[in-house]
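Bear in mind these aren't lab numbers, they're just calculated from the coordinates by the rules spelled out. Note that the structure is predicted; figures quoted are calculated from it, not measured. Backbone-built Cβ (ideal geometry, glycine too); neighbour counts: all protein chains shown.
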Amino acid sequence: MSQLRNQSVEFQWQDPEEEPIVRIEGVSKVYGTMYANDDINLTIHRGEFFSLLGPSGCGKTTLLRILAGFETPTSGKVFIDGVDVTQVPAYERSTNMMFQSYALFPHMTVEDNIAFGLKQERMEKRARQERVKEMLQLVQIDKLAKRKPHQLSGGQRQRVALARALAKHPKILLLDEPLGALDKKLREQTQFELVNLQERLGVTFIIVTHDQEEAMTMSTRIALMHEGRVEQVDPPRRMYEFPATRYSAEFIGLVNLFDGHVISQEDDRVLIQCEDTEQPILVRHSQPLTAGMPVTVAIRPEKVQVMTDSDDQPNRIKGIIKEIAYLGDVSIYHVELPSGKRVKFTQSNIQALAEQPITWEQEVQLGWRYNSCGVLTQ
């Protein structure tokens, strides 16, 4: 998991004097008996690149549409720049939205589509042309400026929609799966461009995505959503290293989970008896836990190492290599424990493939540091 973002802006929300540009208070949206959003409370700060992350149907797009003014919440309030905009129509809000469905004008050329909002604002012609040129270069469609939407591929149309949404330099830009139709290489490049543009302009970006890598790469903070509720809100690194719930741990990246119960705790060291390990697991955890309390130990695959008998690690397990997934830069190994549970660990492929020492049906001993894993209580 990587992150492009300059870390200096990540701590605005920890400043009690910092006024958020967006404040969502107790927002729910009900369709019949179904809660698309259920009592959501969020603050988003000026200049953030904020992601609403989650699977299809979790309520993230509904929340984005409420922010845009296209939906009215069943209950709760939305504030933008300190003003209650809950009942304010979309065209009167200081936001702009890029739709997942493109919504381009079919009779206009690419450059005219991008310039449309600027013309509505009566921007001077030369400045408008420069802005359109900048947007065309940003999404790499310079050569398509004179074409019309029906002459473009789906990915090209989406890039036009992105350029049009960015062209007006709105105070808040709302993006619904903006990179979904782009190929992998262009998507990665556009991620860099989006982050650079957002930092240069100081515009607050709020993006909806189901792609965890996309959210981790671009965001200052992520709100992970699940069944209409916010599961966790944190910067990418903290969400990955310190998931608040089992759902967060499983959704963000790969993770090994061991269910068990607390044996004892001394200071920040907790001893946990797990169902699938022969020996108790030692974990670092600062919050007090009660003996006998059911918990789950979470350990990321890259924290697990192949051990020898002479290595000194408090946490050790043995198993048989059952699956190997070669991904180029790393390989993922699936190890079956005596209990039948499978554990994943990764290794960087520094050596050539033919020289890799680990193979199928090999018995291995794995271990990890006590401060490399975490305890989940929910």
### Summary
Computed over segment 255-376, the convex hull of the Cα set has an average projected area, in nm², of 7.7
### Summary
Cα-based Rg and Dmax for the chain, in Å, come out at 24.3, 74
### Summary
The answer for the net charge of residues other than S348 whose Cβ lies under 10 angstrom from its Cβ, with Lys and Arg +1 and Asp and Glu -1, is -2
### Summary
Whole-percent tail of the Cα-Cα distance distribution for segment 157-270, cut at 25 Å, equals 35
### Alpha-carbon Debye profile of segment 199-243, log10 I(q)/I(0) at 0.22, 0.27, 0.34 Å⁻¹
-0.80, -1.09, -1.35
### DSSP H segments from the chain that extend 15 Å or more along their own axis, Cα-based, with Kyte-Doolittle mean of -0.5 or above
110-120, 154-167
### Query
Can you give the % of DSSP beta bridges in the chain that are antiparallel, to the nearest 5?
75
#### Entry: Relative contact order, percent, segment 222-378 [alpha-carbon distance under 8 Å, six or more residues apart]
23
### Task
Apply 1/(1 + (r/R0)^6) to the Cβ-Cβ distance of H210 and S310, taking R0 = 51 Å, and write down the FRET efficiency to the nearest 0.05.
0.70
### Query
So what is the 222 nm mean residue ellipticity for the chain from helices alone, if each DSSP H run of at least 4 adds -39500 (n - 2.57) and you divide by all residues, rounding to the nearest 500 deg cm²/dmol?
-6500 deg cm²/dmol
### Query
Between I263 and D329, what is the FRET efficiency for a Förster distance of 35 Å, r being their Cβ-Cβ separation, to the nearest 0.05?
0.35
## Note on the structure
Contact order relative to length for the chain, counting C-alpha pairs under 8 Å separated by 6 or more residues, stands in percent at 15
### Query
Of K60/K185; K143/K185; K119/K143; K29/K184, which pairs sit farther than 29 Å apart, going by alpha carbon to alpha carbon?
K29/K184
### Most to least packed among 139-150, 19-30 [average Cβ atoms within 10 Å]
19-30, 139-150
